[in-house]
Amino acid sequence: MMNLFPASERHVADLGWLRSYPAYSFGGYQDANRTGFSVMRVCNDDYIAPGRGFGAHPHSDMEIVSIVLNGRIRHEDNLGNRVVSSFGEVQRMSAGSGVIHTEFNDSDDEELRLLQLWFMPKQRGAAPSYEAKSFDTGKLHNALLPVVSDKPSAHTASIAQSMTIYLSKLDRDQPIRYEAAEGRNLFVYVIEGKLATLGHSLTAMDTAEIERERELTLTAEEDAFFMLVDLP
């Protein structure tokens, strides 16, 4: 079963320096029908103006993932981390018992685009932590590349939840198959291009929540860049 949420129905928050396209309720945007999927609570596609960003603010008991799609993000937190990341890098922050951080566009002339993803952790009140990992963007080509997982590797960030985030860039007419374990949920987000699955076409910024499907075939109807998340 698939629940398709088209980009045309998404809320847009435009603050001038920030254009945000949330898939679920966030901040001033509240929709009782869009509160999350499985353990996912936030999926924001954010565009941040040069030199602007989010000042110091707190988080707790949330797994927060930032995936840079264009430009550079500068992260600083009260744990002593100060990191600049660009495309080919992912940041993961486990807020745990509490953390304060900032996120800014590190460029003076280039817009930053990133995906902000929040997930409920397996355990509340854990010690906060942070990491940034880089991955080989060439390995996105016609493949599903894990970039965040509870089974981390040298190029995959860890996360305190039973889940994996994959990225992929498919050539036109190229199919790719994914087999999920029993009882898992799948979330698909099209970053660019056009993708077909389960009899539906998804275009840029469309999301799909998929339940009770063990095998999934995704085919690029035109060159496509997308994210697949395997969730409990």
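Summary of computed values
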{"read-out": "Sites GLU131 and THR203 - FRET efficiency at Förster radius 30 Å, r taken between beta-carbons, to 0.05", "value": "0.35"}
{"read-out": "Pairwise centroid distance, computed over Cα atoms, of segment 133-165 with segment 34-55, Å", "value": "20"}
{"read-out": "Sequence-separation-based contact order of segment 124-232, relative, with Cα cut under 8 Å and 6+ spacing, percent", "value": "29"}
{"read-out": "Percent RCO, i.e. relative contact order, over segment 2-231, from Cα pairs under 8 Å lying at least 6 residues apart", "value": "19"}
{"read-out": "Summed side-chain charge close to VAL42 - residues other than VAL42 whose Cβ falls under 15 Å, Lys, Arg +1, Asp, Glu -1", "value": "-3"}
{"read-out": "Net charge contributed by nearby residues that have their C-beta within less than 14 Å of ASN105 (K/R +1, D/E -1)", "value": "-3"}
{"read-out": "Solvent-accessible heavy-atom area per residue, rounded to whole Å², over segment 2-231 at 1.4 Å", "value": "44"}
{"read-out": "Most mobile of ASN33, ASN81, ASN70 in a GNM of the chain (Cα contacts under 10 Å)", "value": "ASN33"}
{"read-out": "The chain - percent of accessible surface contributed by carbon and sulfur, probe 1.4 Å", "value": "46"}
{"read-out": "Exposed trypsin sites (Lys or Arg not before Pro) absent - longest run of the chain, DSSP non-H/G/I/E/B, at most 12 other C-beta within 10 Å", "value": "1-123"}
{"read-out": "Karplus 3J(HN,Hα) series, Hz, for segment 127-141 with 6.51 cos²θ - 1.76 cosθ + 1.60 (x for Gly, Pro)", "value": "5, x, 7, 8, 7, 10, 10, 10, 9, 7, 5, x, 7, 6, 5"}
{"read-out": "Where labels lie 7 Å past Cα in the beta-carbon direction, separation of GLU215 and GLN30 in nm", "value": "4.5"}
{"read-out": "Of the chymotrypsin sites (Phe, Trp or Tyr not before Pro) in segment 1-51, those whose Cβ has at most 16 other Cβ within 10 Å and which sit in DSSP loop", "value": "TRP17"}
{"read-out": "Estimated inter-spin distance, HIS57 and MET1, nm [label 7 Å along Cα→Cβ]", "value": "3.3"}
{"read-out": "Normalised contact order of segment 1-97, rounded percent, pairs of Cα under 8 Å and 6 or more residues apart", "value": "20"}
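The values are calculated or read from the model by the stated rules, or taken from the named source; none is laboratory data. As the structure is a prediction and not an experimental result, all values here were calculated from the model. Backbone-built Cβ (ideal geometry, glycine too); neighbour counts: all protein chains shown. Note: areas computed on protein heavy atoms with side chains; ligands, DNA, RNA excluded. Shrake-Rupley method; radii C 1.70, N 1.55, O 1.52, S 1.80 Å.
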